[in-house]
Structures are given as structure tokens and as C-alpha cells.
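The values are calculated or read from the model by the stated rules, or taken from the named source; none is laboratory data. All figures in this text were calculated on a predicted structure; none of them were measured in a lab. No Cβ is skipped: glycine too gets one built from the backbone with ideal geometry, and neighbour counts run over all protein chains shown. What goes into the accessible areas is simple: the full protein's heavy atoms, side chains included, and nothing from ligands, DNA or RNA. Shrake-Rupley method; radii C 1.70, N 1.55, O 1.52, S 1.80 Å.
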Amino acid sequence: MKKHFFISLLLLCMVCCQFKLFAQNETETLFGNKGLINTENLGFFIAPSYGFTQMDGSNTTLLNLRGGISFKDKFTAGAYFNTSHNESRPLSETSPNIYMDYWTVGGFVEYTVASQKVVHLTFPFNIGYGEVKMNDGNGGSDFGVSGFFQLEPVALVEVNISQYVRFNAGAGYRLVGNMNYRNINQSDLSGLTTYIGLKIGVFR
């Protein structure tokens, strides 16, 4: 009888310790429900976002999509694509009725601080190649293209909405490598971008 009692007590202690260990790894979310238990190291996500910036004095909106694989919900590596959304008209452009197309593609690394907290910080760093091209909307004129390399450190405040969805907002600074296109150079394209977006995936 005593033997069964001690075995049961030992099993109970083991279960309690295991539960306590798992509970410490649970992720807090905005609505109070717990996120996934971090029993594995690798996770993944996709992250669509919308950006607001200026290029050569013209207001420009950007569509951005990132996808990555994370390790312990702290270190992430992946790829991104970023493209202009509106018809941005650079102030230095002399030809009327044309607008500038802009896009970049590349990879990123990201470091996230205290991801288990409802509100936390994350820092993506984008490295890629891009192009700009003037467009009249009809495809009838050839204005050529210009390519460049681009770096963009970003800082985001992130909120755990649910165990699979996070909202983020913040800003990055676009650093464009040496380029010249019509009346535009790298200093006209470099600048601050503000972002709002979502991160959707399995976070571990």
C-alpha cells in the first residue's frame, strides 16, 4: 500500500513539474488565451504589410510580403518582396503623365525580443536588389530601368493577437546603393518607411 502511495506521489510530482515547465513557455495573447507550447524549436510564418514612404518628394505606398523560418521564436531567416502600389510621380521628373514603378526582392534576418509577451519588439533586417522604371501606363514608351542594391533595418512593435496571428507596426530606413536614373539618384530613393502589417504562422 505504501509502495503504491509513494509511486503515485512520485508520478504526481513529475506531472506537476512537467506542467510547470510547459506553462513557463506558453505565449501570452491579447485576448488571454494561451499560445502554442514551445515543445519544438522551429516555426514558420508569412508576413504581409503595407508601407508609407516618400521617393524623390512623392508620396509612395508599398506592398510588402515576407516569409521565414524561425528558431525558438527568436531568430528568423527568410525572403521578402516589396513593390510600389500607387502611381508615384517623382518631383524631379520632367516628362508629364508618367509615374515610377519600384520593387525590391531579397532576404532578411530578424531578431525578436520576448515574443511570449503580448507586446514585444522585433527587428527585421532586409538585404536585396531592386529596380525603378518610369511608366506611362500604356506600355508605349521605353524609359529604361535602373537597378540597385538596398539595405533596410526595421524596428517593429508586435502584438500577439492569437496563437497564430500577430499585428505589427513600426518603421525602417531604406539605404539605396549607388544608382542614377534620369533625374533620380540613390539619395532620392533612400528614406524612412512606416509599416503596418500582420504575421501569420506557427510560432515556436
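Figures for the structure shown
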item: So GLU87, is it within 30 Å of SER162 (Cα to Cα) and among the acidic types (Asp, Glu); result: no
item: Residues of region 29-78 classified as part of a loop (DSSP other than H, G, I, E, B), out of contact with any Lys or Arg (no Cβ under 8 Å at 6 or more places or on another chain) and either open to solvent by less than 70 Å² (accessible area, probe 1.4 Å) or at pLDDT 95 or above (or both), total; result: 7
item: Residue within region 133-150 that is part of a strand (DSSP E or B) and under 17 Å from the mean Cα position of the chain (by Cα) present; result: yes
item: Scope region 88-114; condition assigned to a loop (DSSP other than H, G, I, E, B) and loosely packed, with under 15 Cβ neighbours inside 10 Å; matching residues; result: LEU91, SER92, THR94, SER95, PRO96, ASN97, ALA114
item: Index of the failed condition, LEU192 passing every other in (1) open to solvent by 70 Å² or more (accessible area, probe 1.4 Å); (2) more than 18 Å from SER84 (Cβ to Cβ); (3) not hydroxyl-bearing (Ser, Thr, Tyr); result: (2)
item: In region 150-178, the residues that are crowded, with 16+ Cβ neighbours inside 10 Å, under 19 Å from VAL109 (Cβ atoms) and either in contact with an Asp or Glu (Cβ under 8 Å, 6 or more places away or on another chain) or hydroxyl-bearing (Ser, Thr, Tyr) (or both); result: ARG166, ASN168, GLY172, ARG174
item: Filter pass, LEU121 being open to solvent by 10 Å² or more (accessible area, probe 1.4 Å), assigned to a strand (DSSP E or B) and of a type in the set (A, V, I, L, M); result: yes
item: Restricting region 124-149 to residues that are open to solvent by 50 Å² or more (accessible area, probe 1.4 Å) and among the hydroxyl-bearing types (Ser, Thr, Tyr), the residue that is nearest to ASN183 (Cα to Cα); result: SER141
item: Residue match in region 179-187 (condition: among the basic types (Lys, Arg), at pLDDT below 95 and either under 18 Å from PHE81 (Cβ atoms) or surrounded by 14 or more Cβ atoms within 10 Å (Cβ to Cβ) (or both)); result: yes
